[in-house]
Amino acid sequence: MIQNIAALSLLFVLSVTSINVYGDWLEEGDQFYFQTSLYTVHFDPQDDHNNKQDLINLELQKASNWLGGLAFFKNSFGQNSQFAYLGYNWTIPHTQDFMYIKLVGGLMHGYDGKYKDKIPLNQAGVAPAILPSIGVRYKRVQSEIALFGAAGAMWTIGVNFPIAGETDE
């Protein structure tokens, strides 16, 4: 866990540094989103399943609804894992930006040993992954339910921090 926090801190410092260097690509309304897991359920629970993911996630959310992030967590078998991803948020019509659907895709690492075949296409410990979620937001707080394949779902909560321009409170 300490390694995950150190890596996340390093990522944050590098991100803030890159904002100063590459500030031209930032737009009004861009924000960082810090997220953690509250509850996990497996659809077909097994004795060796872990339902406490200890998720620490940092996401850059662009005003254009594009996003990218890096997550550190314990996978379904308690192994330290990472997920680097890109994605997009769609606001659900007629919800005044309160509800959204998010789809992210990227590379997942951490399923090793006897669990390496528990996720498809896991080559050299790295596998492609696509995660859909549905979320709600109120001011700076967001909460999501994300599906991880056909295996289960995770409920998360987080807070966003503006990094460029003003955002609506």
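Just so it is clear, none of the values below were taken in a lab; they were calculated from the coordinates. Fair warning: this is a prediction, and the values are worked out from it, not measured in the lab.
With the convex hull built on the Cα atoms of region 24-105, state its orientation-averaged projected area in nm². Mind showing how you got there, number by number?
Numbers: hull surface 27.2 nm².
Projected area, direction-averaged: 6.8 nm².
Restricting things to Cα coordinates, could you compute the convex hull volume per residue of region 2-162 in Å³? Numbers along the way, then the final one.
Values: hull volume 19.4 nm³, N = 161.
So the per-residue hull volume is 120 Å³.
What list of ³J(HN,Hα) couplings, whole Hz, do you get for region 56-72 from phi and the Karplus terms 6.51, -1.76, 1.60, once you set θ to phi - 60° and write x for glycine and proline?
My calculation for region 56-72 gives 10, 10, 10, 10, 9, 9, 7, 4, 7, 6, 6, 8, x, x, 9, 10, 10 Hz in order.
Expressed as cubic angstrom per residue, what is the convex hull volume of the alpha carbon set of region 68-156?
Numbers: hull volume 8.5 nm³, N = 89.
Given the Cα convex hull of region 68-156, per-residue volume reads 96 Å³.
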